[in-house]
Every structure is written in structure tokens, then in C-alpha cells.
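Asks: Supplied in C-alpha cells, the structure appears directly below.
Every number in this text was worked out from the coordinates using simple rules, so none of it is lab data. Just so it is clear, the model here is predicted, and its values are computed rather than measured. Glycine also receives a Cβ, built like all others from the backbone with ideal geometry; neighbour counts cover every protein chain displayed.
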Amino acid sequence: METKKDILILAIESSCDETAAAVVKNGRTVLSNIISSQIALHTLYGGVVPELASRKHIEKINPVIEEALSTAGVGLSDIDAIGVTYGPGLVGALLVGVAEAKAIAYAAKKPLVGVHHIEGHVSANYIENPDLEPPFLCLVVSGGHTHLVLVKDYGVYEVIGRTHDDAAGEAYDKVARAIGLGYPGGPKVDALAKEGNSHAIFFPRAHIEGAPFDFSFSGLKSAVLNYLNSCQMKGEEINQADVAASFQQAVVDVLVERAQAAADEFHMERVALAGGVAANSSLRAAMEQACAKRGLKFYRPSPIFCTDNAAMIGTAAYYEFQKGIRSNLELNAVPNLKIGEHG
Ligand code: KG4
Ligand code: ZN
């Protein structure tokens, strides 16, 4: 009898507003990556409405999983384990994926591996970079999180920096709303900033006393809102592209400076980006340049693997699976799950 060598993970992600499923082979080969985005639905309300997100996940989860399996050309019987995001995220949204994964694991008698959403984002870097191995430094910037993480080994993380208030993506989304760009703001600010002057307006770069790798974006967001208000009161015309470019420059300066300082401090030779904001063209270019200057190797996922997807969950689940980590059918959604915790 032939011994089976390939490990196939069916991964499910439903922590926010994307219903996603993927089949990943041996941790790094994506056989399918299906994403059903709810952007059109939530755009009507200017942001994610949790109850609507849960309902949409329920509607989409089965077709998305079926499509992931058929695109990969495999059936459930070929799958070695089910990986699923169980936190952090919106509790009702997470529950849809977790319940589905448990049902499949039970019915098809497959092992279940609960995955931390942020560990998934970090793991997205493995997909297109066969040479990338821990240790490395990862800057995780998403709609809900801003973390500097030391990836010490597969599945072994130490958070060395975090935001004290807004996440970077949250700041993008709020500023976008204030200048009338709508939801989700990140990609819109990114595009508009290309037409503006990033030195037109000076916005503050916050430093946190005694915490050299931490972040704060609420002061920056307020400074942008104050600037817009004062222009309006003075009857001055607002150049939206200049506001977008100047705001983005302030975010990117802080992210790059702190990541580079952390790479120096912890002697990291590899620096990676992860999370939705890692799709930002200005951040990617600035980090690449800063790494090149210091002789550091720079990694970033393709934009499709930066924003929420299930392929990254499949990759993270694979490394957990290989270590023998399994979740049982008691696995529950944990909306405020801490990095490095396992269920
Ligand atoms: O990782 P993600 O898809 O979801 C969370 O886990 O939060 O990140 C979504 C965030 C949103 O705030 C969105 O505006 C931001 O990522 N984003 C961007 C870009 N694309 C997505 N921010 C800046 N520039 C982009 N190109
Ligand atoms: Zn995410």
C-alpha cells in the first residue's frame, strides 16, 4: 500500500465580513482560496453590522466550502484536518465558522484545529515564500489589530508592541469616512493618496513613553478631524488627496520606524508584513526601502492574502496539526482571544 505523504487542510474563516474557505496542501500550496465578501452589504451602513454579518455567513458558508473543495479537485475524504478561525473577531460571525467546522469534523471523522486569526495573518507570509522560516519579525496591521510580533518558531509568538487605542486599519476607515470616501476606507485612501502631496499637512506621529514598540493612532485621527473642521469653519476648500496622502504618510512613518527599531533591538534579519493594511502600496514600498537600507530581508503577502482569507488559516492550521495540536468538539468562539493561546 502506498503511504500518503501530502497533508490537506480544509480551512474556514468567518471572523468579520468575509466568508472564506480554502484547501491548502502541505502548509504552503494553496489549492483553492474562495472568498465571499460582504462589502456591498455593509457599505450601505458605513461599516460592518455584526448581526447582518452573521446571517450572511450562514447563507454563504456551505456554498463557499463546496466551491473550495471542488476548485481544489478534492472531496472531504481526501482532507486530513479541518482548520477554523475561533478568535478574535465578532462572536456571532466566528460562531458560524466554528459550528460548521465542528459539524464537518464530527460527521467526516476528521481532526479539528482551532486557529488564531492573527496567527493566520502572520502565516500568510509562508504561502508565497518557500524560503521563509522563523525567526522573523512581523508587523500585523489590520482593521482590528496593530501588533509587532516576534515569530520565534512555527506557532510560537511573542507580541512586543501593540496599539494603545485605534488599530491602523481603523484609523484608515475613520479618516476615509471623514473625507467622504466610504467603507472600507483603506483601499480608497491608498488610491486617493497617490494624487496628493504627503507633505502638504503635518499630522502628528505619536510616541509612547517607555514603550518604544507600541502605537497610538487616535491622536492622529483626531488631528485629521480637527483639520477638516477648522477648514470648514474658515470656509477653506479641502484638498482630499492632500489629506489622504499626509495622513497616510504619518501612519506609514510610524509603522516603518517602529518595525525597524524592533528588528534592530531583537536582531531580526527578516521582516514581514501581515493584515489588511499590509496591502497598502505606500507601506509596502516604504518598508521594502527601509529593509533594503539595513540589509534586512523583506516579506509581504500578495494583497489577496493580506485581507481576510482562509488560505492563511489553512497554513497556520497545518503547522499546528504537524505539532500534534488538536481542538475537541467543545471548541468555542473566543472574541477576544489572545495571541499564543490555544483552544
Ligand atoms: O485583515 P483585514 O481584512 O480584517 C481584519 O482582520 O481586521 O483588514 C481590514 C482592514 C480595513 O481596515 C481596511 O480598510 C484595511 O484593512 N485595508 C487597507 C488597504 N486594504 C485594506 N488599508 C490601507 N491600505 C489598503 N490598501
Ligand atoms: Zn483579519
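Asks: Can you run phi through the Karplus equation (6.51, -1.76, 1.60; θ = phi - 60°) for the stretch 33-41 and list ³J(HN,Hα) in whole Hz, with x for Gly and Pro?
Replies: For the stretch 33-41, the Karplus-derived couplings read 8, 9, 10, 9, 8, 9, 3, 4, 5 Hz, x marking Gly and Pro.
Asks: Neighbour counts of other C-beta atoms within 10 Å: give me Met312, Met268, Met233, Met287 arranged from fewest to most.
Replies: Numbers: Met312 34, Met268 19, Met233 8, Met287 25.
Fewest-to-most ranking of Met312, Met268, Met233, Met287: Met233, Met268, Met287, Met312.
Asks: Any idea how far apart Ile58 and Arg205 come out in nm if each label point goes 7 Å out from Cα toward Cβ?
Replies: About 4.8 nm, to one decimal.
Asks: Subtracting the Cα-Cα distance from 0.36 nm times the residue separation, let me have the gained length for Ala191 to Thr43 in nm, one decimal. Could the numbers behind the result be given before it?
Replies: On the way: separation 148, 0.36 × 148 = 53.28 nm, distance 1.79 nm.
Contour length minus Cα-Cα distance gives 51.5 nm.
Asks: Then there is this: Using modelled backbone amide H atoms (1.01 Å from N, in-plane), which distant-in-sequence or interchain residues come within less than 5 Å of Ser32's amide H?
Replies: Val23
Asks: For a quick check: with amide H placed at 1.01 Å from N, whose amide H comes under 5 Å from Asp166's, ignoring anything fewer than 5 positions away on the same chain?
Replies: So Asp166 has HN proximity to Phe217, Ser218.
Asks: Gly182's amide H: which non-local residues (gap 5+, or another chain) put their own amide H closer than 5 Å, with H modeled 1.01 Å from N in plane and none for Pro or chain starts?
Replies: Arg177
Asks: Still on this structure, please answer the following. Starting from 0.36 nm per residue, how many nanometres of slack lie between Asp6 and Ala261 once their C-alpha separation is accounted for?
Replies: Length difference between fully extended and current span is 87.8 nm.
Asks: Still on this model: ³J(HN,Hα) across the stretch 293-300 via Karplus (A = 6.51, B = -1.76, C = 1.60, θ = phi - 60°), whole Hz, x for Gly/Pro?
Replies: 4, 9, x, 9, 7, 10, 10, 7
Asks: Just name one of Ala101, Ala274, Ser37: the one whose Cα is farthest towards the positive end of the charge dipole of the chain (beta-carbon charges, Lys/Arg +1, Asp/Glu -1).
Replies: Farthest towards the positive end: Ala101.
Asks: Please work out the FRET efficiency for the pair His164 and Ala108, using the Cβ-Cβ distance as r and a Förster radius of 56 Å; give the result to the nearest 0.05.
Replies: Numbers: r = 44 Å, r/R0 = 0.78.
According to the calculation, E is roughly 0.80.
Asks: For the chain, report the convex hull volume of the alpha-carbon atoms normalised per residue, in Å³, without decimals. Let's see the in-between values first.
Replies: Details: hull volume 44.8 nm³, N = 343.
Hull volume normalised by residue count: 131 Å³.
Asks: Can you give me the relative contact order of the chain as a percent, contacts being Cα pairs under 8 Å and 6 or more apart? Please list the in-between numbers first.
Replies: Values: 775 pairs, mean separation 85.1, N = 343.
Rounded, it is 25 percent for the chain.
Asks: With θ set to phi - 60°, apply the Karplus curve 6.51 cos²θ - 1.76 cosθ + 1.60 along the stretch 262-276 and write out the HN-Hα couplings as whole Hz, x wherever there is a Gly or Pro.
Replies: For the stretch 262-276, the Karplus-derived couplings read 5, 4, 5, 4, 9, 6, 8, 9, 10, 10, 10, 10, 7, x, x Hz, x marking Gly and Pro.
Asks: For Asn332 paired with Glu269, estimate the spin-label separation in nm (one decimal), with each label point 7 Å from Cα along the Cα-to-Cβ line.
Replies: Label-label distance for Asn332 and Glu269, simple model: 4.5 nm.
Asks: Output the 0 to 90 degree angle, nearest 10, between the alpha-carbon long axis of helix 50-72 and the longest principal axis computed from the alpha carbons of the chain.
Replies: With both axes taken from Cα atoms, the answer is about 50 degrees.
Asks: Hey, what angle do you get for helix 311-322 against the long axis of the chain, alpha-carbon based, 0 to 90 degrees rounded to 10?
Replies: In the chain, helix 311-322 runs at an angle near 50 degrees to the longest axis.
Asks: Shifting gears a bit: Beyond 23 Å between alpha-carbons counts as too far, so tell me which of Lys152/Lys323; Lys5/Lys109; Lys60/Lys102; Lys60/Lys188 fall in that bin.
Replies: Values: Lys152/Lys323 15 Å; Lys5/Lys109 19 Å; Lys60/Lys102 17 Å; Lys60/Lys188 26 Å.
Listed pairs above 23 Å: Lys60/Lys188.
Asks: Give the shape of the stretch 88-182 as rounded, prolate or oblate, defined through the alpha-carbon gyration tensor: a ≥ b ≥ c are the square roots of its eigenvalues, a/c under 1.5 means rounded, and otherwise the shape is prolate if a/b is larger than b/c and oblate if not.
Replies: Working: a/c = 2.32, a/b = 1.24, b/c = 1.87.
Since a/c reaches 1.5 but b/c is at least a/b, the shape of the stretch 88-182 is classed as oblate.
Asks: What chymotrypsin sites (Phe, Trp or Tyr not before Pro) in the stretch 35-115 are in a loop by DSSP, with at most 12 other Cβ atoms within 10 Å of the Cβ?
Replies: Details: sites: Tyr45, Tyr86, Tyr106; in loops: Tyr45.
Sites meeting the loop and neighbour criteria: Tyr45.
Asks: Can you give the FRET efficiency to the nearest 0.05 for Asp153 and Ser230, using r as the Cβ-Cβ distance and R₀ = 51 Å?
Replies: Values: r = 50 Å, r/R0 = 0.98.
The formula returns an efficiency of 0.50 here.
Asks: When you take every Cα atom in the stretch 1-144, what is the radius of gyration, and what is Dmax, the widest Cα pair distance, in Å?
Replies: 15.6, 57
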